[in-house]
Amino acid sequence: MFALSSGMPPAAIAVVRISGAQAGAALQALAGHLPAARRATLVDLTTIDGEPLDRALILWFPGPATATGEDLAELHLHGGRAVVAAVEAALGELPGLRRAEAGEFTRRAFLNGRVDLAEAEGLADLLAAETESQRVQALGMASGHVSRAVAVWQDRLLTLMAEAEAELNFADEDDVEVGEVVTLKLIVGMTALADELGQWLARPAAEVISEGLSVVIAGPPNAGKSTLINALVQRELAIVSPVAGTTRDVIETPLALDGIAMRFSDTAGLRGESADAIEMIGIDRAKAAVEGADILLWLGAPKDVPNHPRAILIAAQADRWRGDAAAEAEAARCDLTLSAATGEGMAALHRMIVEMARTLLPREGEAALRQRQRAALGEARDWLLIAPGSREASDLILLAERLRLASGALDRITGRAGVEDMLDTLFGRFCIGK
């Protein structure tokens with residue numbers, strides 16, 4: 001298979017990648033020879049009929065130590081559209097070659113053991129990253145941060161499984177621990193591992209980074225919500241009008257602050273009743289948005305702020321009420337004073353949002369788990385939790401089965417460990433059968 005692996009032309013350089021059993025033959029057909037492995041070579045590429053294609057650098061990577069685990073070739077071409085099209089057409093005429101499907105290079109890398117599922121997911125996130133926090137998180141995943149943690153957990157599980165297997169099947173050997181000592185050792189090990197998995201599950205989810213934090217602007221009608229979101233995104237996103245109830249629906253827009261992806265939402269003004277049925281629908285949607293917000297920007301009276309764990313109270317429209325003693329006293333109870341119209345307080349609001357957002361993101365060096373990974377890790381943790389005094393706590397067969405199920409759940413994160421690993425551990429770490 002072959003495909004353009006760099007950005008769409010025109011560009012300074014275009015990289016066409018060829019992978020599979022026919023990669024070497026394809027390179028020979030276009031370049032006339034197979035170059036030294038892993039060394040860039042300048043050649044004149046031609047079609048099978050001898051027509052010139054381009055003067056390019058070629059690289060040859062014999063498998064399996066390649067990105068895909070197969071024979072791999074790269075053509076570093078001049079990045080014009082016509083050049084790329086001509087080379088791709090020439091490759092398409094060679095026997096046994098076809099265009100790669102979307103994601104097929106990574107799929108083959110996974111099938112050939114060059115990357116695991118978690119690393120492949122990280123690579124997909126890295127390609128889609130638009131903010132600094134998304135890039136850092138995806139790079140850690142693609143580099144194997146989660147995979148290495150899973151490998152350590154699997155290793156500990158395999159040790160426990162081997163100890164259980166030894167007791168069940170080789171209790172007559174002199175070097176095998178037996179009885180309650182083994183059972184207690186298993187429970188202690190399972191509990192410690194369950195606690196560690198629980199700490200990982202307590203971290204923020206990866207979707208918070210990839211999809212962006214939800215920041216909802218809410219308050220009563222005419223509180224300055226639409227003016228604020230327009231000031232934040234620096235364009236006329238929402239209609240600003242002195243008429244109450246102008247905003248009828250939740251208006252959402254993506255925005256990155258200091259490299260953190262966020263989704264800002266302007267909402268309908270919150271009030272008890274309205275004769276307008278459409279406005280009431282908007283109010284209900286606004287309430288739902290507030291409940292689901294990661295961060296709430298409240299532009300109403302402090303006494304009316306909804307019960308929310310991360311609310312920033314804003315005394316908005318300061319340019320209108322300066323000098324009003326009652327308004328000044330009310331503003332003193334808020335977190336900051338702001339005028340989106342004049343820009344007063346906007347820098348402070350920016351800092352407050354970013355500081356609050358950082359508390360919802362993984363700390364530096366921590367990896368966040370995707371929903372699929374969290375589900376598998378949660379299942380593994382549940383299998384490792386043993387109720388004290390329960391029947392399972394004294395039944396070695398049930399404990400061994402729980403260990404097997406926990407290992408299977410972890411295996412779904414990376415897709416690498418299996419029964420053979422447990423057998424290797426069993427016979428490699430014990431002197432059984434000597």
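The values are calculated or read from the model by the stated rules, or taken from the named source; none is laboratory data. It should be emphasised that the depicted structure is a prediction, and the values quoted were computed from it without experimental measurement. We place every Cβ from the backbone using ideal geometry, glycine too, and count neighbours over all the protein chains shown. The protein model used for the area step is the full one, side chains on, heavy atoms only, and it has no ligands, DNA or RNA in it. Shrake-Rupley method; radii C 1.70, N 1.55, O 1.52, S 1.80 Å.
For segment 5-27, enumerate the residues that are over 23 Å from residue 112 (Cα atoms), at pLDDT 90 or above and hydrophobic (A, V, I, L, M, F, W, C).
Our first condition is that a residue be over 23 Å from residue 112 (Cα atoms); within segment 5-27, this holds for 7-14.
Filter once more, so that each one left must be at pLDDT 90 or above: 9-14.
Residues satisfying the conditions are 11, 12, 13, 14.
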> How many of the residues making up segment 365-384 are in contact (Cβ under 8 Å) with a residue 40 or more places away in the chain, outside any loop (DSSP other than H, G, I, E, B) and open to solvent by less than 70 Å² (accessible area, probe 1.4 Å)?
Replying inline: 7
> Hey, among 159, 66, which residue is outside any helix (DSSP H, G or I) and polar (S, T, N, Q)?
Replying inline: 66
> Do you know which residues across segment 5-44 are assigned to a strand (DSSP E or B) and either touching a Gly at 6+ places or on another chain (Cβ under 9 Å) or closer than 18 Å to residue 70 by Cβ (or both)?
Replying inline: 11, 12, 13, 14, 15, 16, 17, 18, 19, 37, 43, 44
> Out of all the residues in segment 69-105, which are open to solvent by less than 60 Å² (accessible area, probe 1.4 Å), outside any helix (DSSP H, G or I) and either polar (S, T, N, Q) or closer than 16 Å to residue 24 by Cβ (or both)?
Replying inline: 69, 70, 71, 72, 73, 74, 75, 94, 97
>> So, in segment 304-330, exactly how many residues are in contact with a Ser or Thr (Cβ under 9 Å, 6 or more places away or on another chain), more than 15 Å from residue 215 (Cβ to Cβ) and either assigned to a strand (DSSP E or B) or aromatic (Phe, Trp, Tyr) (or both)?
In response: 1
>> Take the conditions more than 25 Å from residue 222 (Cβ to Cβ), assigned to a loop (DSSP other than H, G, I, E, B) and open to solvent by 60 Å² or more (accessible area, probe 1.4 Å) and apply them to residue 333. Does it pass?
In response: no
> How many residues are polar (S, T, N, Q) and open to solvent by 30 Å² or more (accessible area, probe 1.4 Å) if we restrict to segment 204-236?
Replying inline: 4
> Is one or more of the residues making up segment 328-345 without any contact (Cβ under 8 Å) to a residue 12 or more places away in the chain and closer than 21 Å to residue 226 by Cβ?
Replying inline: no
